[in-house]
Structures are given as structure tokens and as C-alpha cells.
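> Before I ask anything, here is the structure I am working with.
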Amino acid sequence: MNSELDHRDGPRDECGVFGVYAPGSEVARLAYFALYALQHRGQESAGIATSEGGHIMTIRDLGLVSQVFDEEKLRALQGEMAVGHVRYSTTGSSAWENAQPVWRSDRRQVALAHNGNLINAVELHAELADRGVQFRGTSDSEIIAALLSTHEAQRIEDALADVMPRLEGAYSTVVMTKDTVVAFRDPAGLRPLSLGMLGDRPCVASESCAFDIIGAELVREVAPGEMVSMGADGSSREIVRRCRGARWGRSFGARRLWRPMW
């Protein structure tokens, strides 16, 4: 067996993601246990971001979930929603700068957890660099975060509707703004992503084992090319700007499911 295969031997599954909208719950603790269940998908780094009062707080570091987080850190992560990530690098180095969730604050704050690879990452990075956008890490995940954080659209769903057709490759991604969690999956469905319900609160994860450990129920897979929006603005109005025949699904957590059909 050659050295490259030896180096890759052992647990890995190229990242795990989790997102939840659950006011009144300890969302950081839910994310911790979900990531613990997803640990087999990535062992290089772990991170959780929460949103409270319009501010996003992120804690991420190299190591296993149990090594990165302790009781003090979980208590510091307060909020009504959370996203989490465990990483096995497929692009970018294993440095701290590439740990996720990726946090950016350009036109809007975002915290993004991504599983996949973009085959047009170089082109997108060059475009953003030409616009003066700066990067801290070397992963394609930060490119997606930058595209969404710098987008002029007021609603994150509208920004995603414009950005998703430009992403070439595989991605199952969860992005959080100050008031919304949105999960989206590439049109070919190359990376797994499932939708669950924790009581009447929605959550998403790379695998349903993350739901089992927190007592959530698997609803279904997120469909290829689908966007799932979870938030608390109380709005049930349709997004006027549709994306290539987007259609509505059933309502979850004061938002609706929106499926862009590429």
C-alpha cells in the first residue's frame, strides 16, 4: 500500500454539518451532541456558532468535539439557533483558519458549515479578490460564505437563489444569519443532508444519527437543489423573486421550504 493511502487510512467522511432553530432550548448543547454523533465524518476540527440578539458567536478549534468544547464554552454559546461542523479536509490545509463554521461580517453576518468541494473555487475566489474581498483561510467553504456575506440582497434566501446556480460541485451546507438558519444541497445531491424535527422545531444534519442522539425525528432527506429556511420573523409570505421554477413545500418553524429546481 502506498504512502498516500496509508496517510488516509482511518475514520473520515469529509465533514459533517448540523443546524437547528429551537428557541427555549440549549442550542449549543444540541449542536454538541449532534456533532459528537457525526464525529466519524471528520476528526480534524470542530466548531459551533450560535445567534443571540442579532450577534453571532463562534467557537472552533482543531481537535475532536470533546476536546474542543467543555461546559464553560457551551454555556458561553447562547441563542435561539445554532450551526455546527466537524471537518475532514478535502481542500485547504488543516490549519485553524480553515476550521468551521466560517464566520464573516461583510454586508451581513454569516456563519457557514459546509460539506463538499467546489470545482470552480479558483474562478470564484479570483472574482471576489478582484472586488477587494479578503480571505482568512484557504478553503472553498469561505468562498461560499463570502459570496453570501457580500451579496446585496436583503434576504439570505434571495442571496442564495442567486449564488447557488454559480456553485459547481458538491455541497451540503448550513448557513446562519442573525435571525435565520438556511440549509441547501447541490442539484445532483452528491453530499447527504437530512431534515428532522425536534418537537415542533426544525433541524438539519448530514446523517440521521445526529437526530437520534438529541431526540429528534427524521422527516426526510433534503432534496437535491432544495433550500430549507428556518427562522423566527413570523412571515409566511412567498419570496417574490423565484429561482427557475422554485416551488413551495410545507411550512417549518414560521418559514417555508423553498425548492429551487435547477
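The values are calculated or read from the model by the stated rules, or taken from the named source; none is laboratory data. As the structure is a prediction and not an experimental result, all values here were calculated from the model. Every residue, glycine as well, gets a Cβ built from its backbone with ideal geometry; the counts of neighbours run over all protein chains shown. Please note that ligands, DNA and RNA were not included when accessible areas were found on the heavy atoms of the full protein model with its side chains. Shrake-Rupley method; radii C 1.70, N 1.55, O 1.52, S 1.80 Å.
> Restricting to the range 140-160, give me the number of residues that are farther than 18 Å from Asn117 by Cβ and in contact with a Leu (Cβ under 6 Å, 6 or more places away or on another chain).
Looking only at that region, the number is 1.
> Please identify the pairs in which a residue from the range 214-226 that is within 16 Å of Ser25 (Cα to Cα) and part of a strand (DSSP E or B) has its Cβ atom under 7 Å from the Cβ atom of a residue that is open to solvent by 50 Å² or more (accessible area, probe 1.4 Å) and not hydrophobic (A, V, I, L, M, F, W, C), counting only partners at least 6 apart or on another chain.
Between residues of the range 214-226 that are within 16 Å of Ser25 (Cα to Cα) and part of a strand (DSSP E or B) and residues that are open to solvent by 50 Å² or more (accessible area, probe 1.4 Å) and not hydrophobic (A, V, I, L, M, F, W, C), there is no close pair.
> Under the condition of being open to solvent by 60 Å² or more (accessible area, probe 1.4 Å) and of a type in the set (D, E, K, R), which residue from the range 207-233 is farthest from Gln39 (Cα to Cα)?
Among residues in the range 207-233 that are open to solvent by 60 Å² or more (accessible area, probe 1.4 Å) and of a type in the set (D, E, K, R), the one farthest from Gln39 (Cα to Cα) is Asp233.
> Assuming Leu64 fulfils every condition listed in (1) hydrophobic (A, V, I, L, M, F, W, C); (2) modelled with pLDDT of 95 or more; (3) out of contact with any helix residue (DSSP H, G or I) (no Cβ under 8 Å at 6 or more places or on another chain); (4) open to solvent by 10 Å² or more (accessible area, probe 1.4 Å) apart from one, which condition is it?
For Leu64, the failing item is (3).
> Another one. Can you tell me which residue is farthest from the chain's Cα centre (by Cα) among those in the range 170-213 that are within 25 Å of Arg108 (Cα to Cα) and aromatic (Phe, Trp, Tyr)?
Tyr171
> On the basis of being open to solvent by 50 Å² or more (accessible area, probe 1.4 Å) and either in a loop (DSSP other than H, G, I, E, B) or without any contact (Cβ under 8 Å) to a residue 12 or more places away in the chain (or both), does Pro187 make the cut?
It is true that Pro187 is open to solvent by 50 Å² or more (accessible area, probe 1.4 Å) and either in a loop (DSSP other than H, G, I, E, B) or without any contact (Cβ under 8 Å) to a residue 12 or more places away in the chain (or both).
> Looking at Leu193, is it open to solvent by less than 10 Å² (accessible area, probe 1.4 Å), among the aliphatic types (A, V, I, L, M) and at pLDDT 95 or above?
Criteria met by Leu193.
> Could you please find all residues in the range 104-117 being open to solvent by less than 20 Å² (accessible area, probe 1.4 Å) and over 16 Å from Thr177 (Cα atoms)?
Listed by number, the residues that qualify are Asn115, Gly116.
> In the range 118-175, which helices (runs of 4 or more DSSP H) lie fully inside it and hold 3 or more residues that are farther than 24 Å from Glu226 by Cβ and open to solvent by less than 60 Å² (accessible area, probe 1.4 Å)?
Answer list for the range 118-175: 121-130.
> From the set of residues in the range 27-46 that are in contact with a helix residue (DSSP H, G or I) (Cβ under 7 Å, 6 or more places away or on another chain) and either of a type in the set (S, T, N, Q) or outside any helix (DSSP H, G or I) (or both), which is most open to solvent (accessible area, probe 1.4 Å)?
Top of the filtered list is Gln39.
> Need pairs with beta-carbon distance below 6 Å; first residue of a type in the set (Val, Ile, Thr) and within the range 45-68, second open to solvent by 60 Å² or more (accessible area, probe 1.4 Å); sequence gap 6+ or separate chains.
Note: pairs meeting the criteria are Thr50/Met57; Thr58/Trp103; Ile59/Lys73; Val65/Tyr36; Val68/Asp61.
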